[in-house]
1. Quick one: which of A:Ala15, A:Ala2, A:Ala51 is more than 20 Å from the chain's Cα centre (by Cα) and at pLDDT 95 or above?
2. Being surrounded by fewer than 18 Cβ atoms within 10 Å (Cβ to Cβ), part of a strand (DSSP E or B), modelled with pLDDT of 95 or more and outside the structural domain of B:Ala40 (by TED's automatic domain parsing) is the requirement here; does B:Arg157 meet it?
3. For region B:168-259, please list each of the strands (runs of 3 or more DSSP E) lying entirely inside it that holds at least 1 residues being free of Cβ contacts under 8 Å to residues at least 40 places away in the same chain and within 11 Å of another protein chain (Cβ to nearest Cβ).
4. Which residues, taken from region A:33-60, are over 23 Å from A:Thr270 (Cβ atoms), part of a loop (DSSP other than H, G, I, E, B) and in contact (Cβ under 8 Å) with a residue 60 or more places away in the chain?
5. Within region A:102-151, can you find the residues that are small (Gly, Ala, Ser), away from chain B (no Cβ under 14 Å) and out of contact with any Gly (no Cβ under 8 Å at 6 or more places or on another chain)?
6. Within the group A:Arg246, A:Arg188, which residue is in contact with a helix residue (DSSP H, G or I) (Cβ under 7 Å, 6 or more places away or on another chain), among the charged types (D, E, K, R) and on the phi < 0 side of the Ramachandran plot?
7. Kindly state which strands (runs of 3 or more DSSP E) lie completely within region A:168-248 and contain at least 1 residues that are away from chain B (no Cβ under 13 Å) and among the charged types (D, E, K, R).
8. Restricting to region B:87-146, and then to whatever is assigned to a helix (DSSP H, G or I) and aromatic (Phe, Trp, Tyr), can you tell me which residue is nearest to the chain's Cα centre (by Cα)?
Amino acid sequence: MAGAAGAGTLGVRGAGPLTAEAVARRIQTELGGEWPETGADGFKAGEPSTAVTGIATTAMATIDVLKQAAKANANLVLTYEPTFYGHADGRTPAVPAGRRGPVGLNADDPVAKAKRELIQKNGLVVFRLRDHWAARKENEMLTGLAGALGWSKRRVANDDSLFDVPAATAEETVAHIRAKLNLRGGLRGVGDRKATVRRVLLYPGSMTPAIMWQRYTEVDMFVVGEVREWENTHYAADIFTAGQKRALITVGRVVSEEPGMRACANWLKTVVKEVPATWIGAGDPYWRAS
Amino acid sequence: MTAREVVDLIKKNAGGPWNERSYRDTFKAGDPDTAVAGIATTMMVTLDMLHRAHAAGLNMVISHEDTYWNDRDDTKDLTANPLYKLKTDFILKNGMIIWRDHDHMHSMKPDFTVVGELRSVGIKGGENAVMAPRIWTIPETTLGEFAAQVKAASHARAIRCVGDPKAKVSRILVGPGYATPRMTAEADVVIGGEQQEADGAFDNVEYVMDAASLGMAKGVIMLGHVISEQAGMEDYGKWLRTFIHDIPIQFVPAEEPFW
(Lines give C-alpha, C1' and ligand atoms only; values in the text may rest on other atoms or scores of the structure.)
Protein backbone atom coordinates (compact mmCIF):
# COMPACT_ATOMS: atom_id res chain seq x y z
CA MET A 1 0.00 0.00 0.00
CA ALA A 2 2.77 2.38 0.93
CA GLY A 3 4.56 1.40 -2.27
CA ALA A 4 1.57 2.11 -4.45
CA ALA A 5 0.98 5.49 -2.81
CA GLY A 6 4.67 6.35 -3.06
CA ALA A 7 4.85 5.68 -6.76
CA GLY A 8 2.68 8.70 -7.44
CA THR A 9 4.61 11.20 -5.34
CA LEU A 10 8.18 9.97 -5.66
CA GLY A 11 7.85 8.82 -9.23
CA VAL A 12 9.91 6.26 -11.06
CA ARG A 13 13.67 6.77 -11.55
CA GLY A 14 14.29 9.84 -13.66
CA ALA A 15 10.94 11.48 -13.03
CA GLY A 16 11.65 12.92 -9.55
CA PRO A 17 14.62 15.02 -8.51
CA LEU A 18 17.93 13.16 -8.18
CA THR A 19 18.92 13.57 -4.53
CA ALA A 20 22.43 13.45 -3.08
CA GLU A 21 21.32 10.39 -1.17
CA ALA A 22 20.27 8.66 -4.40
CA VAL A 23 23.62 9.51 -6.02
CA ALA A 24 25.44 8.16 -2.95
CA ARG A 25 23.38 4.96 -3.10
CA ARG A 26 24.21 4.51 -6.75
CA ILE A 27 27.94 5.06 -6.06
CA GLN A 28 27.76 2.59 -3.17
CA THR A 29 26.08 -0.02 -5.35
CA GLU A 30 28.56 0.45 -8.19
CA LEU A 31 31.65 0.34 -5.96
CA GLY A 32 30.28 -2.38 -3.67
CA GLY A 33 31.68 -3.33 -0.28
CA GLU A 34 30.51 -2.39 3.18
CA TRP A 35 29.74 1.24 4.01
CA PRO A 36 29.67 1.33 7.82
CA GLU A 37 28.62 4.50 9.68
CA THR A 38 31.99 4.44 11.43
CA GLY A 39 33.99 4.36 8.18
CA ALA A 40 35.77 7.34 6.62
CA ASP A 41 33.45 7.50 3.59
CA GLY A 42 30.04 9.13 3.81
CA PHE A 43 28.18 12.44 4.14
CA LYS A 44 30.16 15.12 6.00
CA ALA A 45 28.00 18.23 5.56
CA GLY A 46 24.78 19.39 3.92
CA GLU A 47 21.39 17.78 3.48
CA PRO A 48 21.40 14.36 1.76
CA SER A 49 17.84 15.00 0.48
CA THR A 50 19.10 17.96 -1.61
CA ALA A 51 18.30 17.73 -5.33
CA VAL A 52 21.64 17.44 -7.16
CA THR A 53 22.31 19.94 -9.97
CA GLY A 54 25.87 18.82 -10.63
CA ILE A 55 28.72 16.86 -9.06
CA ALA A 56 32.23 18.10 -8.33
CA THR A 57 35.08 15.76 -7.41
CA THR A 58 38.21 16.96 -5.64
CA ALA A 59 41.19 15.63 -3.71
CA MET A 60 40.38 18.01 -0.84
CA ALA A 61 37.22 20.07 -0.32
CA THR A 62 38.84 23.34 0.70
CA ILE A 63 36.78 26.53 0.98
CA ASP A 64 38.23 27.61 -2.36
CA VAL A 65 37.13 24.34 -4.00
CA LEU A 66 33.64 24.63 -2.45
CA LYS A 67 33.27 28.19 -3.79
CA GLN A 68 34.26 27.03 -7.27
CA ALA A 69 31.79 24.14 -7.04
CA ALA A 70 28.96 26.50 -6.04
CA LYS A 71 29.85 28.81 -8.93
CA ALA A 72 29.81 25.88 -11.36
CA ASN A 73 26.38 24.83 -10.04
CA ALA A 74 27.83 21.55 -8.79
CA ASN A 75 26.14 21.21 -5.41
CA LEU A 76 27.32 17.68 -4.54
CA VAL A 77 31.02 17.61 -3.73
CA LEU A 78 32.89 14.30 -3.51
CA THR A 79 36.18 14.68 -1.67
CA TYR A 80 39.03 12.20 -1.22
CA GLU A 81 40.47 13.85 1.91
CA PRO A 82 38.62 15.18 4.98
CA THR A 83 36.68 18.45 4.89
CA PHE A 84 36.96 19.35 8.58
CA TYR A 85 40.71 19.22 9.21
CA GLY A 86 41.42 15.71 10.36
CA HIS A 87 40.48 12.08 10.39
CA ALA A 88 37.52 12.75 12.73
CA ASP A 89 36.23 15.00 9.90
CA GLY A 90 33.73 16.97 11.97
CA ARG A 91 32.67 14.13 14.26
CA THR A 92 33.38 14.28 17.97
CA PRO A 93 36.64 12.39 18.31
CA ALA A 94 36.85 9.42 20.66
CA VAL A 95 40.51 10.15 21.40
CA PRO A 96 41.09 12.16 24.59
CA ALA A 97 43.28 15.22 24.68
CA GLY A 98 46.98 14.33 24.62
CA ARG A 99 50.17 16.25 25.23
CA ARG A 100 50.14 17.51 21.65
CA GLY A 101 46.86 19.31 22.29
CA PRO A 102 43.28 18.31 21.77
CA VAL A 103 42.41 16.13 18.80
CA GLY A 104 39.62 17.30 16.52
CA LEU A 105 37.88 20.65 16.42
CA ASN A 106 36.46 23.02 18.98
CA ALA A 107 32.71 23.41 18.60
CA ASP A 108 33.09 27.16 18.01
CA ASP A 109 36.08 26.99 15.68
CA PRO A 110 35.73 30.07 13.43
CA VAL A 111 37.16 28.46 10.27
CA ALA A 112 34.97 25.34 10.51
CA LYS A 113 31.96 27.55 11.33
CA ALA A 114 32.52 29.72 8.26
CA LYS A 115 32.95 26.59 6.12
CA ARG A 116 29.68 25.10 7.38
CA GLU A 117 27.91 28.42 6.71
CA LEU A 118 29.31 28.52 3.17
CA ILE A 119 28.07 24.96 2.58
CA GLN A 120 24.62 25.75 3.99
CA LYS A 121 24.23 29.11 2.20
CA ASN A 122 25.02 27.53 -1.16
CA GLY A 123 22.99 24.38 -0.56
CA LEU A 124 26.06 22.20 -0.96
CA VAL A 125 26.37 18.59 0.14
CA VAL A 126 29.79 17.11 0.91
CA PHE A 127 30.46 13.38 0.71
CA ARG A 128 33.82 11.77 1.41
CA LEU A 129 34.80 9.11 -1.13
CA ARG A 130 38.19 7.68 -0.36
CA ASP A 131 38.43 4.06 0.78
CA HIS A 132 35.96 2.65 -1.72
CA TRP A 133 37.34 4.66 -4.64
CA ALA A 134 40.94 3.73 -3.80
CA ALA A 135 39.95 0.05 -3.52
CA ARG A 136 38.71 -0.19 -7.12
CA LYS A 137 40.66 -2.82 -9.02
CA GLU A 138 41.03 -0.41 -11.95
CA ASN A 139 43.13 1.69 -9.52
CA GLU A 140 42.34 5.09 -11.05
CA MET A 141 44.31 6.78 -8.26
CA LEU A 142 47.43 5.29 -9.89
CA THR A 143 46.38 5.33 -13.55
CA GLY A 144 45.07 8.88 -13.15
CA LEU A 145 48.43 10.07 -11.84
CA ALA A 146 50.25 8.21 -14.59
CA GLY A 147 47.95 9.82 -17.16
CA ALA A 148 48.56 13.31 -15.77
CA LEU A 149 52.30 12.69 -16.10
CA GLY A 150 51.91 11.46 -19.70
CA TRP A 151 53.03 7.95 -18.78
CA SER A 152 49.82 5.95 -19.36
CA LYS A 153 51.31 3.86 -22.17
CA ARG A 154 54.51 3.23 -20.25
CA ARG A 155 53.20 0.94 -17.54
CA VAL A 156 55.38 -2.15 -17.21
CA ALA A 157 52.60 -4.50 -16.04
CA ASN A 158 48.89 -3.92 -15.56
CA ASP A 159 48.94 -5.09 -11.95
CA ASP A 160 51.95 -3.10 -10.82
CA SER A 161 53.00 0.53 -10.32
CA LEU A 162 56.23 0.53 -12.34
CA PHE A 163 56.59 2.76 -15.40
CA ASP A 164 59.38 2.93 -18.00
CA VAL A 165 59.65 6.64 -18.73
CA PRO A 166 61.74 8.54 -21.31
CA ALA A 167 65.37 8.40 -20.12
CA ALA A 168 66.41 11.68 -18.49
CA THR A 169 68.31 12.87 -15.44
CA ALA A 170 66.44 12.96 -12.13
CA GLU A 171 66.42 16.76 -12.31
CA GLU A 172 64.96 16.73 -15.82
CA THR A 173 62.30 14.21 -14.77
CA VAL A 174 61.43 16.46 -11.83
CA ALA A 175 61.05 19.44 -14.17
CA HIS A 176 58.64 17.35 -16.27
CA ILE A 177 56.64 16.36 -13.16
CA ARG A 178 56.48 19.97 -11.94
CA ALA A 179 55.12 21.17 -15.27
CA LYS A 180 52.60 18.34 -15.72
CA LEU A 181 51.18 18.58 -12.17
CA ASN A 182 51.29 22.40 -12.11
CA LEU A 183 53.27 22.43 -8.88
CA ARG A 184 54.33 25.37 -6.72
CA GLY A 185 56.53 24.63 -3.69
CA GLY A 186 55.52 21.22 -2.37
CA LEU A 187 57.82 18.93 -4.34
CA ARG A 188 61.01 17.78 -2.62
CA GLY A 189 63.76 15.53 -3.98
CA VAL A 190 66.23 13.28 -2.15
CA GLY A 191 69.09 11.25 -3.60
CA ASP A 192 71.07 11.53 -6.82
CA ARG A 193 69.84 14.45 -8.91
CA LYS A 194 72.06 13.41 -11.84
CA ALA A 195 70.86 9.78 -11.86
CA THR A 196 69.57 8.55 -15.21
CA VAL A 197 65.90 7.80 -14.68
CA ARG A 198 64.26 5.12 -16.82
CA ARG A 199 62.13 3.11 -14.41
CA VAL A 200 59.80 4.85 -11.95
CA LEU A 201 57.56 3.53 -9.18
CA LEU A 202 54.47 5.74 -8.87
CA TYR A 203 52.60 5.89 -5.58
CA PRO A 204 49.82 8.44 -4.92
CA GLY A 205 49.17 9.25 -1.24
CA SER A 206 51.41 8.13 1.65
CA MET A 207 53.97 5.41 0.96
CA THR A 208 55.03 3.08 3.79
CA PRO A 209 58.68 2.12 4.46
CA ALA A 210 58.18 -1.54 3.49
CA ILE A 211 57.51 -0.61 -0.15
CA MET A 212 60.73 1.39 -0.29
CA TRP A 213 62.77 -1.34 1.40
CA GLN A 214 61.45 -4.05 -0.88
CA ARG A 215 61.49 -2.28 -4.22
CA TYR A 216 64.24 0.33 -4.33
CA THR A 217 66.65 -1.91 -6.26
CA GLU A 218 64.09 -2.18 -9.09
CA VAL A 219 63.68 1.54 -9.76
CA ASP A 220 65.67 4.67 -10.53
CA MET A 221 63.07 6.96 -9.00
CA PHE A 222 60.11 6.81 -6.63
CA VAL A 223 57.44 9.43 -7.35
CA VAL A 224 55.07 9.49 -4.40
CA GLY A 225 52.66 11.77 -2.56
CA GLU A 226 54.29 11.86 0.85
CA VAL A 227 56.45 9.76 3.18
CA ARG A 228 57.56 10.05 6.78
CA GLU A 229 60.90 11.82 6.75
CA TRP A 230 62.48 9.74 9.53
CA GLU A 231 61.60 6.62 7.58
CA ASN A 232 61.66 6.76 3.76
CA THR A 233 63.48 10.08 3.36
CA HIS A 234 66.18 8.78 5.70
CA TYR A 235 66.36 5.57 3.62
CA ALA A 236 66.69 7.49 0.34
CA ALA A 237 69.48 9.61 1.85
CA ASP A 238 71.34 6.45 2.91
CA ILE A 239 70.94 4.91 -0.56
CA PHE A 240 72.57 8.04 -1.96
CA THR A 241 75.46 7.85 0.54
CA ALA A 242 75.93 4.19 -0.42
CA GLY A 243 76.60 5.43 -3.96
CA GLN A 244 73.43 4.27 -5.65
CA LYS A 245 72.06 6.37 -8.50
CA ARG A 246 68.43 6.66 -7.42
CA ALA A 247 66.07 9.36 -6.17
CA LEU A 248 62.91 9.78 -4.10
CA ILE A 249 60.51 12.53 -5.15
CA THR A 250 57.59 13.56 -2.94
CA VAL A 251 55.16 15.76 -4.85
CA GLY A 252 52.74 16.33 -1.94
CA ARG A 253 49.92 14.11 -0.78
CA VAL A 254 47.01 16.15 -2.12
CA VAL A 255 48.52 16.94 -5.53
CA SER A 256 49.33 13.24 -5.98
CA GLU A 257 45.65 12.45 -5.41
CA GLU A 258 44.19 15.09 -7.72
CA PRO A 259 44.45 13.12 -11.01
CA GLY A 260 42.73 10.11 -9.40
CA MET A 261 39.79 12.32 -8.45
CA ARG A 262 39.75 13.77 -11.95
CA ALA A 263 39.38 10.17 -13.17
CA CYS A 264 36.57 9.80 -10.62
CA ALA A 265 34.62 12.59 -12.32
CA ASN A 266 34.98 10.75 -15.65
CA TRP A 267 33.79 7.50 -14.06
CA LEU A 268 30.77 9.30 -12.53
CA LYS A 269 29.66 10.37 -16.00
CA THR A 270 29.06 6.68 -16.73
CA VAL A 271 27.24 6.05 -13.43
CA VAL A 272 25.23 9.24 -12.95
CA LYS A 273 24.12 10.42 -16.37
CA GLU A 274 21.42 12.87 -15.24
CA VAL A 275 23.78 15.64 -14.06
CA PRO A 276 27.24 16.85 -15.11
CA ALA A 277 30.33 15.78 -13.15
CA THR A 278 33.48 17.90 -13.10
CA TRP A 279 36.80 17.83 -11.27
CA ILE A 280 38.00 20.84 -9.29
CA GLY A 281 41.66 20.94 -8.27
CA ALA A 282 42.64 21.96 -4.74
CA GLY A 283 46.10 22.95 -5.99
CA ASP A 284 49.57 22.66 -4.48
CA PRO A 285 49.16 24.09 -0.95
CA TYR A 286 52.82 25.07 -0.54
CA TRP A 287 55.14 27.89 -1.46
CA ARG A 288 58.81 28.04 -0.56
CA ALA A 289 60.48 30.36 1.92
CA SER A 290 63.04 32.35 -0.06
CA MET B 1 84.14 4.05 30.20
CA THR B 2 81.76 1.77 28.32
CA ALA B 3 78.73 2.87 26.30
CA ARG B 4 76.54 1.26 28.95
CA GLU B 5 78.19 3.40 31.63
CA VAL B 6 77.66 6.54 29.52
CA VAL B 7 73.96 5.71 29.29
CA ASP B 8 73.78 5.05 33.04
CA LEU B 9 75.20 8.54 33.64
CA ILE B 10 72.64 10.04 31.25
CA LYS B 11 69.82 8.26 33.08
CA LYS B 12 71.13 9.61 36.39
CA ASN B 13 71.38 13.19 35.10
CA ALA B 14 68.16 13.41 33.04
CA GLY B 15 66.29 14.78 36.04
CA GLY B 16 63.29 12.49 36.14
CA PRO B 17 62.29 8.86 36.44
CA TRP B 18 63.63 6.68 33.60
CA ASN B 19 61.07 4.69 31.65
CA GLU B 20 62.81 1.37 30.91
CA ARG B 21 59.86 0.37 28.72
CA SER B 22 60.55 3.04 26.07
CA TYR B 23 61.11 1.14 22.83
CA ARG B 24 62.82 4.19 21.37
CA ASP B 25 65.48 4.95 23.96
CA THR B 26 67.58 1.77 23.61
CA PHE B 27 70.80 0.51 22.04
CA LYS B 28 70.29 -0.03 18.30
CA ALA B 29 73.54 -1.62 17.08
CA GLY B 30 76.97 -2.52 18.44
CA ASP B 31 78.11 -3.86 21.80
CA PRO B 32 77.06 -1.77 24.84
CA ASP B 33 80.21 -2.88 26.65
CA THR B 34 82.44 -1.23 24.03
CA ALA B 35 84.97 1.22 25.50
CA VAL B 36 83.94 4.70 24.32
CA ALA B 37 86.69 6.63 22.50
CA GLY B 38 84.42 9.57 21.72
CA ILE B 39 80.72 10.47 21.54
CA ALA B 40 78.93 11.92 18.51
CA THR B 41 75.53 13.51 19.14
CA THR B 42 73.25 13.73 16.11
CA MET B 43 69.65 14.19 15.09
CA MET B 44 69.53 11.07 12.88
CA VAL B 45 71.88 8.12 12.36
CA THR B 46 72.40 8.53 8.63
CA LEU B 47 75.08 6.52 6.86
CA ASP B 48 76.78 9.80 5.93
CA MET B 49 76.81 10.89 9.57
CA LEU B 50 78.29 7.52 10.63
CA HIS B 51 81.13 7.98 8.10
CA ARG B 52 81.95 11.41 9.54
CA ALA B 53 81.71 10.26 13.18
CA HIS B 54 84.05 7.35 12.47
CA ALA B 55 86.52 9.61 10.64
CA ALA B 56 86.56 11.88 13.72
CA GLY B 57 87.36 8.92 16.01
CA LEU B 58 83.95 8.97 17.72
CA ASN B 59 82.70 5.41 18.19
CA MET B 60 79.55 6.04 20.25
CA VAL B 61 76.62 7.74 18.51
CA ILE B 62 73.75 9.21 20.51
CA SER B 63 70.90 10.02 18.17
CA HIS B 64 67.50 11.60 18.65
CA GLU B 65 65.97 9.63 15.80
CA ASP B 66 66.12 6.11 14.40
CA THR B 67 68.88 4.14 12.68
CA TYR B 68 66.92 1.63 10.59
CA TRP B 69 64.32 3.82 8.88
CA ASN B 70 61.36 3.09 11.13
CA ASP B 71 60.37 4.47 14.50
CA ARG B 72 60.75 1.18 16.38
CA ASP B 73 64.03 0.31 14.67
CA ASP B 74 62.35 -2.99 13.95
CA THR B 75 64.77 -4.97 11.78
CA LYS B 76 62.88 -8.24 11.33
CA ASP B 77 61.93 -7.37 7.72
CA LEU B 78 65.39 -6.00 6.98
CA THR B 79 67.74 -8.89 7.70
CA ALA B 80 68.20 -9.65 3.96
CA ASN B 81 68.17 -5.97 2.93
CA PRO B 82 71.49 -4.91 1.30
CA LEU B 83 71.39 -1.40 2.77
CA TYR B 84 70.71 -2.78 6.24
CA LYS B 85 73.70 -5.11 5.88
CA LEU B 86 75.96 -2.34 4.60
CA LYS B 87 75.02 0.02 7.43
CA THR B 88 75.25 -2.60 10.18
CA ASP B 89 78.57 -3.92 8.82
CA PHE B 90 80.00 -0.40 8.89
CA ILE B 91 78.91 0.04 12.52
CA LEU B 92 80.23 -3.35 13.70
CA LYS B 93 83.44 -3.38 11.63
CA ASN B 94 84.41 -0.03 13.12
CA GLY B 95 83.50 -0.93 16.71
CA MET B 96 80.71 1.65 16.80
CA ILE B 97 77.73 1.63 19.13
CA ILE B 98 74.41 3.42 18.61
CA TRP B 99 72.03 4.58 21.36
CA ARG B 100 68.87 6.66 20.94
CA ASP B 101 67.53 9.33 23.28
CA HIS B 102 64.14 10.48 22.06
CA ASP B 103 61.33 10.11 24.59
CA HIS B 104 63.39 11.22 27.57
CA MET B 105 64.76 14.26 25.74
CA HIS B 106 61.20 15.43 25.13
CA SER B 107 60.42 15.03 28.85
CA MET B 108 63.49 16.98 30.00
CA LYS B 109 63.32 20.55 31.26
CA PRO B 110 64.35 22.21 29.09
CA ASP B 111 63.63 20.07 26.01
CA PHE B 112 66.80 20.70 23.98
CA THR B 113 65.02 19.95 20.70
CA VAL B 114 62.62 22.87 21.27
CA VAL B 115 65.37 25.15 22.60
CA GLY B 116 67.47 24.38 19.52
CA GLU B 117 64.56 24.77 17.13
CA LEU B 118 63.66 28.20 18.52
CA ARG B 119 67.28 29.32 18.14
CA SER B 120 67.42 27.85 14.60
CA VAL B 121 64.42 29.88 13.45
CA GLY B 122 65.66 33.08 15.10
CA ILE B 123 63.17 33.33 17.99
CA LYS B 124 64.85 34.68 21.11
CA GLY B 125 64.23 33.76 24.75
CA GLY B 126 63.67 30.03 24.29
CA GLU B 127 66.52 28.83 26.53
CA ASN B 128 64.17 27.08 28.98
CA ALA B 129 61.54 25.88 26.50
CA VAL B 130 59.77 22.57 27.05
CA MET B 131 57.82 20.22 24.78
CA ALA B 132 54.33 21.62 25.53
CA PRO B 133 53.74 24.26 22.83
CA ARG B 134 53.32 27.90 23.85
CA ILE B 135 52.99 31.15 21.96
CA TRP B 136 56.19 33.03 21.15
CA THR B 137 55.58 36.65 20.24
CA ILE B 138 57.77 38.30 17.61
CA PRO B 139 57.62 41.89 16.26
CA GLU B 140 54.77 41.99 13.75
CA THR B 141 55.85 41.14 10.21
CA THR B 142 54.37 39.40 7.17
CA LEU B 143 54.28 35.61 6.83
CA GLY B 144 56.48 35.86 3.73
CA GLU B 145 59.04 38.06 5.53
CA PHE B 146 59.03 35.81 8.57
CA ALA B 147 59.50 32.70 6.42
CA ALA B 148 62.47 34.41 4.75
CA GLN B 149 63.95 35.20 8.20
CA VAL B 150 63.45 31.57 9.26
CA LYS B 151 65.18 30.35 6.11
CA ALA B 152 68.12 32.72 6.60
CA ALA B 153 68.49 31.82 10.29
CA SER B 154 68.18 28.05 9.81
CA HIS B 155 70.15 27.76 6.53
CA ALA B 156 67.57 25.18 5.42
CA ARG B 157 67.02 24.61 1.71
CA ALA B 158 63.51 23.12 1.60
CA ILE B 159 61.14 25.09 3.85
CA ARG B 160 57.51 24.70 2.73
CA CYS B 161 54.91 27.28 3.72
CA VAL B 162 51.11 27.54 3.56
CA GLY B 163 49.01 30.69 3.90
CA ASP B 164 48.99 34.22 2.49
CA PRO B 165 52.58 35.55 2.37
CA LYS B 166 51.17 39.07 2.98
CA ALA B 167 49.33 38.07 6.19
CA LYS B 168 50.46 40.05 9.27
CA VAL B 169 51.80 37.68 11.92
CA SER B 170 53.39 37.90 15.38
CA ARG B 171 52.22 34.95 17.52
CA ILE B 172 54.15 31.77 16.79
CA LEU B 173 53.63 28.16 17.94
CA VAL B 174 56.69 25.94 17.59
CA GLY B 175 56.99 22.15 17.82
CA PRO B 176 59.83 19.76 16.96
CA GLY B 177 59.89 16.86 14.51
CA TYR B 178 56.56 15.16 13.91
CA ALA B 179 55.08 16.98 16.93
CA THR B 180 53.99 19.89 14.78
CA PRO B 181 51.48 21.78 16.97
CA ARG B 182 47.91 22.22 15.84
CA MET B 183 46.84 25.72 14.86
CA THR B 184 44.86 27.51 17.58
CA ALA B 185 42.72 30.65 17.77
CA GLU B 186 45.57 32.42 19.61
CA ALA B 187 48.33 31.61 17.11
CA ASP B 188 49.13 33.16 13.74
CA VAL B 189 51.83 30.73 12.62
CA VAL B 190 52.63 27.09 13.34
CA ILE B 191 56.23 25.99 12.87
CA GLY B 192 56.95 22.27 12.80
CA GLY B 193 59.26 19.65 11.39
CA GLU B 194 56.85 17.52 9.42
CA GLN B 195 53.24 16.40 9.53
CA GLN B 196 51.02 14.08 7.54
CA GLU B 197 49.48 16.43 4.99
CA ALA B 198 45.85 15.34 5.44
CA ASP B 199 43.66 12.85 7.34
CA GLY B 200 45.70 13.08 10.56
CA ALA B 201 44.77 14.10 14.11
CA PHE B 202 44.60 17.74 12.97
CA ASP B 203 45.28 18.90 9.42
CA ASN B 204 47.08 22.24 9.66
CA VAL B 205 47.54 22.47 5.91
CA GLU B 206 43.84 22.45 4.96
CA TYR B 207 42.93 24.54 8.01
CA VAL B 208 45.38 27.28 7.05
CA MET B 209 44.37 27.16 3.38
CA ASP B 210 40.76 27.73 4.47
CA ALA B 211 41.71 30.41 7.01
CA ALA B 212 43.61 32.21 4.24
CA SER B 213 40.55 31.99 1.97
CA LEU B 214 38.56 33.67 4.76
CA GLY B 215 41.16 36.45 5.02
CA MET B 216 42.41 35.29 8.42
CA ALA B 217 46.12 35.77 9.14
CA LYS B 218 47.32 32.19 9.58
CA GLY B 219 50.37 30.35 8.29
CA VAL B 220 52.28 27.09 8.45
CA ILE B 221 56.06 26.86 8.13
CA MET B 222 57.38 23.30 7.71
CA LEU B 223 61.11 23.13 8.37
CA GLY B 224 61.66 19.45 7.68
CA HIS B 225 62.21 16.91 10.46
CA VAL B 226 66.02 17.07 10.47
CA ILE B 227 66.25 20.86 10.50
CA SER B 228 63.65 21.16 13.27
CA GLU B 229 65.54 18.96 15.75
CA GLN B 230 69.14 19.28 14.59
CA ALA B 231 70.32 22.14 16.81
CA GLY B 232 68.96 20.46 19.92
CA MET B 233 71.55 17.72 19.60
CA GLU B 234 74.32 20.32 19.76
CA ASP B 235 72.83 21.47 23.10
CA TYR B 236 72.56 17.83 24.17
CA GLY B 237 76.30 17.43 23.55
CA LYS B 238 77.01 20.49 25.72
CA TRP B 239 74.82 19.00 28.45
CA LEU B 240 76.74 15.68 28.27
CA ARG B 241 79.97 17.62 28.87
CA THR B 242 78.65 18.79 32.26
CA PHE B 243 78.90 15.23 33.61
CA ILE B 244 81.21 13.37 31.17
CA HIS B 245 84.63 14.99 31.27
CA ASP B 246 87.27 12.61 30.01
CA ILE B 247 85.80 11.57 26.64
CA PRO B 248 85.65 13.81 23.53
CA ILE B 249 82.06 14.79 22.70
CA GLN B 250 81.16 16.31 19.34
CA PHE B 251 77.98 17.32 17.58
CA VAL B 252 77.93 15.62 14.16
CA PRO B 253 74.96 17.00 12.21
CA ALA B 254 72.79 14.91 9.90
CA GLU B 255 72.58 16.68 6.54
CA GLU B 256 69.27 18.14 5.41
CA PRO B 257 68.29 15.44 2.91
CA PHE B 258 66.42 17.58 0.39
CA TRP B 259 67.73 19.23 -2.79
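1. Working: A:Ala15 fails: at pLDDT 95 or above; A:Ala2 fails: at pLDDT 95 or above.
Selected residue: A:Ala51, the only one of A:Ala15, A:Ala2, A:Ala51 that is more than 20 Å from the chain's Cα centre (by Cα) and at pLDDT 95 or above.
2. Values: surrounded by fewer than 18 Cβ atoms within 10 Å (Cβ to Cβ): yes; part of a strand (DSSP E or B): no; modelled with pLDDT of 95 or more: yes; outside the structural domain of B:Ala40 (by TED's automatic domain parsing): yes.
For B:Arg157, the condition - surrounded by fewer than 18 Cβ atoms within 10 Å (Cβ to Cβ), part of a strand (DSSP E or B), modelled with pLDDT of 95 or more and outside the structural domain of B:Ala40 (by TED's automatic domain parsing) - is not met.
3. On the way: elements: B:168-174, B:189-192, B:219-222, B:249-251.
Strands (runs of 3 or more DSSP E) meeting the threshold: B:189-192.
4. Listed by number, the residues that qualify are A:Gly39, A:Ala40, A:Gly46, A:Glu47, A:Met60.
5. Narrowing region A:102-151 to residues small (Gly, Ala, Ser): A:104, A:107, A:112, A:114, A:123, A:134-135, A:144, A:146-148, A:150.
Next, only the ones that are away from chain B (no Cβ under 14 Å) stay: A:123, A:135, A:144, A:146-148, A:150.
Passing the criteria: A:Ala146, A:Gly147, A:Ala148, A:Gly150.
6. On the way: A:Arg188 fails: in contact with a helix residue (DSSP H, G or I) (Cβ under 7 Å, 6 or more places away or on another chain).
Only one candidate qualifies: A:Arg246.
7. Values: elements: A:188-191, A:196-206, A:221-226.
Those strands (runs of 3 or more DSSP E) span A:196-206.
8. First, the residues of region B:87-146 that are assigned to a helix (DSSP H, G or I): B:87-93, B:103-107, B:112-120, B:143-146.
Restricting the remaining residues to those that are aromatic (Phe, Trp, Tyr) gives B:90, B:112, B:146.
Details: B:Phe90: 24, B:Phe112: 9, B:Phe146: 21 Å.
Looking at the filtered set, the residue picked out is B:Phe112.
The values are calculated or read from the model by the stated rules, or taken from the named source; none is laboratory data. Keep in mind that this is a model prediction, so the values were computed, not measured. When we count neighbours, we look across all protein chains shown, and the Cβ atoms used for this are built from the backbone with ideal geometry, even at glycine.
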